[in-house]
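The values are calculated or read from the model by the stated rules, or taken from the named source; none is laboratory data. Not measured: the values here are computed from a predicted model. Backbone-built Cβ (ideal geometry, glycine too); neighbour counts: all protein chains shown.
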Amino acid sequence: MNDVIVPTRAESPELILRERCRALGMPTWRLSAAGQVISPPAETGPAGMFLRSAGLEKLVRGCVEFWAAEEQPAVRELFPGAWLVPLVETHRRRRRGYIAALALGHAATATEEFARLCGLAGLDTSACRSSLASIATFTAAGAQGNARSLAWMHADLLQVFSGAATTDSLSRQLAESYEETSLLYKLSQAMTELVHPQRFVRLSCAELLAVMNFAWVGACFVRDERRARSMAGRVMWSGDLPCTRSAAEQFVGGLLGRLGVHGRLLLAGDERGPLAQGVSPVLIQPITHEGKLLGALMAGDKQGSDPDITSIEMKMLEAAAASVAVLLQNAGLYEDQQLMFLGTLEALTAAIDAKDPYTCGHSERVAHLAFTLATAVGLSAEHAERVRIAGLVHDIGKIGVPEEVLRKPGRLSDEEYRLIKQHPEIGHHILKDIPFLDDVLPGVMHHHERFDGKGYPHGLRGVDIPLVARIIGLVDAFDAMSSNRTYRAAMARDQVLAEVLRGAGTQFDPDLAEAFVKLDLAQYDGMVARRQAAERPSSDAGREAA
């Protein structure tokens, strides 16, 4: 079985054909359609000097004039015993040149014309004859036969290369389609990043950099918070910038003013400013929503041999920009819903706190302290925020406790204490059907459990008590000891902190207690001071009226 030769990118059908002609003993010239020699024969020694001589080249070029007038160029005799075989090069059905192969007969080197050509070139005729002896083997019939064989060979090579080019083009298209599909899939998988859209934007830049042949990819956003929401004014980069980040950010900030919502920009030459690198343009793709500009994705310093931006690269940047626009809108809606929901919770807890003037602002302060302690013990910002919400609603069950019990100045009876102890379960029952608060419920239910197991409602002990409940239980007790109550005055700060340490291992988680006493409570004290200042005018007015 014959081996199939698969051409490489570095080869061409013409190059292969010339190599095969040479293997057959037929030197070749490559000529333009006008008859100019592009590449002469490659033979060495006296034979090479003869084949590249001006006299012989003139005869070869003269054949082109005849071939140009012929629909099917024919073999021509240069001089007795020397025949020139034409192989036509075409591009898009237009003749662009020729490969001329010389079939030399033995008798040709004995002719007067051969001697004349050697003399014109200042070559020794005998030396040239001897050097050409190995290839001077053709007859007229042999030259014609080789012409037909070479024509078929040329056609086959063109077909093979056409197929290889088609396969290469298809492979490239498949690769580009895969990269585009992969990019869109990864972005769609990450479209849940509603709380932190900057993560999605950063991922988009990184994925674009990975699938496109650019040195850097970036994203910038308008400073209008109503449009770009939490991304307003942000600039992000992936890859290697040709300048400092500050210079790049200043430049792209100015670009947003030029960028329309309906089309991309291609910056070339000096237009690229500090982002100029190499000869590749900078591609700027607007991020828009409902006719409003939110920002732009950018890519620059394209690598490789082709500096031009391709349509597939434009499409990928456009698709990523559309995904970013959708995410920003969804994130904005989510943020609005969160603010509305949290506002409702805050209003509800404020109403509950207002049932007892001595605990007014208590839930807000517990929420702040819970977030601060959660952060101090290493919880993530997202987890700490959930702990904060748990602190905000931890006492919501008091809505089911009679006001006279909450406001009673003296010692509670056993029945009244039983009613008070029901508020964690009441709160849990109120909130349990709200999916958004699933992870908050343990803090509501168990914030009165004790580390030694003597708490309520279920008598949990140690680390069996959910962490969120252990945190809220500690800060709840701290605020209670730090506030005026109907049955006692607020305790001094040193005394409260001493009580926290004294309760470590019994009432409180010892690790949390140790971390709590190290907290900076300046913001908490500011909340207390603002609450006292808000209450003072009404108290003073009451005394004046009396």
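Hey, among PRO86, PRO80, which residue is assigned by TED's automatic domain parsing to the domain that holds THR139, under 25 Å from SER149 (Cα atoms) and buried (at least 20 other Cβ atoms within 10 Å of the Cβ)?
PRO86
All but one of (1) assigned to a loop (DSSP other than H, G, I, E, B); (2) modelled with pLDDT of 90 or more hold for LYS355; state the number of the condition that does not hold.
(2)
Check whether at least one residue in the range 395-413 is β-branched (Val, Ile, Thr), under 21 Å from LEU474 (Cα atoms) and crowded, with 18+ Cβ neighbours inside 10 Å, and report yes or no.
Yes, that holds for at least one residue.
Condition check: touching a helix residue (DSSP H, G or I) at 6+ places or on another chain (Cβ under 6 Å) and of a type outside the set (A, V, I, L, M). Does HIS428 satisfy that?
Yes; evaluated as a whole, the condition is true for this residue.
Limited to the range 52-75, what total is found for residues that are among the small types (Gly, Ala, Ser) and either over 20 Å from ALA147 (Cα atoms) or crowded, with 17+ Cβ neighbours inside 10 Å (or both)?
Of the residues in that region, 3 qualify.
Residues checked against (1) over 21 Å from LEU15 (Cα atoms); (2) of a type in the set (A, V, I, L, M):
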{"site": "ARG61", "(1), (2)": "no, no"}
{"site": "GLU65", "(1), (2)": "yes, no"}
{"site": "ARG94", "(1), (2)": "no, no"}
{"site": "ALA101", "(1), (2)": "no, yes"}
{"site": "THR111", "(1), (2)": "yes, no"}
{"site": "GLY119", "(1), (2)": "yes, no"}
{"site": "LEU123", "(1), (2)": "yes, yes"}
{"site": "ALA136", "(1), (2)": "yes, yes"}
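I need the full set of residues from the range 455-476 which are surrounded by fewer than 20 Cβ atoms within 10 Å (Cβ to Cβ) and small (Gly, Ala, Ser), in order please.
Scanning the range 455-476 gives GLY459, GLY462.
Test GLY391 against the stated conditions and say whether it is crowded, with 16+ Cβ neighbours inside 10 Å, under 46 Å from the mean Cα position of the chain (by Cα) and at pLDDT below 95. Break it down stepwise before answering.
Working: crowded, with 16+ Cβ neighbours inside 10 Å: yes; under 46 Å from the mean Cα position of the chain (by Cα): yes; at pLDDT below 95: yes.
For GLY391, the condition - crowded, with 16+ Cβ neighbours inside 10 Å, under 46 Å from the mean Cα position of the chain (by Cα) and at pLDDT below 95 - is met.
Restricting to the range 425-450, count the residues that are surrounded by fewer than 23 Cβ atoms within 10 Å (Cβ to Cβ) and not charged (D, E, K, R).
12
Quick one: how many residues across the range 11-32 are assigned to a loop (DSSP other than H, G, I, E, B) and within 22 Å of GLU77 (Cβ to Cβ)? Walk me through how you get there before you give the answer.
Applying the first criterion (assigned to a loop (DSSP other than H, G, I, E, B)) to the range 11-32 yields 11-12, 24-27.
Keeping just the survivors that are within 22 Å of GLU77 (Cβ to Cβ) gives 24-27.
Count: 4.
Rundown of residues vs (1) buried (at least 22 other Cβ atoms within 10 Å of the Cβ); (2) at pLDDT below 85; (3) in contact with a helix residue (DSSP H, G or I) (Cβ under 7 Å, 6 or more places away or on another chain); (4) of a type in the set (S, T, N, Q), yes/no style:
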{"residue": "LEU194", "(1), (2), (3), (4)": "no, yes, yes, no"}
{"residue": "PRO197", "(1), (2), (3), (4)": "yes, yes, yes, no"}
{"residue": "ARG202", "(1), (2), (3), (4)": "no, no, no, no"}
{"residue": "LEU208", "(1), (2), (3), (4)": "yes, no, yes, no"}
{"residue": "VAL217", "(1), (2), (3), (4)": "yes, no, yes, no"}
{"residue": "PHE221", "(1), (2), (3), (4)": "yes, no, yes, no"}
{"residue": "ARG227", "(1), (2), (3), (4)": "no, yes, no, no"}
{"residue": "MET231", "(1), (2), (3), (4)": "yes, no, yes, no"}
{"residue": "ARG234", "(1), (2), (3), (4)": "no, no, yes, no"}
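Is it the case, given these coordinates, that LEU241 is farther than 25 Å from SER311 by Cβ, crowded, with 17+ Cβ neighbours inside 10 Å, at pLDDT 90 or above and within 20 Å of the chain's Cα centre (by Cα)?
Against the criterion (farther than 25 Å from SER311 by Cβ, crowded, with 17+ Cβ neighbours inside 10 Å, at pLDDT 90 or above and within 20 Å of the chain's Cα centre (by Cα)), LEU241 qualifies.
Please specify each residue of the range 105-135 satisfying the condition of being free of Cβ contacts under 8 Å to residues at least 60 places away in the same chain and buried (at least 22 other Cβ atoms within 10 Å of the Cβ). I'd like the intermediate steps shown before the answer.
We begin by selecting, within the range 105-135, every residue free of Cβ contacts under 8 Å to residues at least 60 places away in the same chain; these are 105-115, 119, 122, 125-126, 129, 133.
Within the range 105-135, ALA108, THR109, PHE114 qualify.
Can you tell which of ALA299, ALA325, ALA320, ALA232 is within 17 Å of GLU207 (Cα to Cα), of a type outside the set (S, T, N, Q) and free of Cβ contacts under 8 Å to residues at least 40 places away in the same chain?
Of ALA299, ALA325, ALA320, ALA232, the one residue that is within 17 Å of GLU207 (Cα to Cα), of a type outside the set (S, T, N, Q) and free of Cβ contacts under 8 Å to residues at least 40 places away in the same chain is ALA325.
Output the qualifying pairs, or none if there are none: Cβ atoms under 7 angstrom, residues six or more apart or on different chains, first residue in the range 363-383 and within 22 Å of GLY427 (Cα to Cα), second residue aromatic (Phe, Trp, Tyr).
Sorted first by the residue in the range 363-383, then by its partner, the pairs are ARG365/TYR524; HIS368/TYR524; LEU369/PHE478; LEU369/TYR524.
Mind listing just one residue for me: the one in the range 26-51 that is farther than 15 Å from SER131 by Cβ and of a type in the set (Val, Ile, Thr) and, of those, surrounded by the most Cβ atoms within 10 Å (Cβ to Cβ)?
THR28
Considering the range 376-409 alone, what residues qualify as being touching a helix residue (DSSP H, G or I) at 6+ places or on another chain (Cβ under 6 Å), over 17 Å from ARG365 (Cβ atoms) and either outside any helix (DSSP H, G or I) or of a type in the set (Phe, Trp, Tyr) (or both)?
Across the range 376-409, the qualifying residues are VAL377, VAL401.
Residues that are in contact with a Pro (Cβ under 6 Å, 6 or more places away or on another chain): list the strands (runs of 3 or more DSSP E) wholly contained in the range 227-298 that include at least 1 such residues.
On the way: elements: 235-239, 265-267, 282-289.
The qualifying strands (runs of 3 or more DSSP E) are 265-267.
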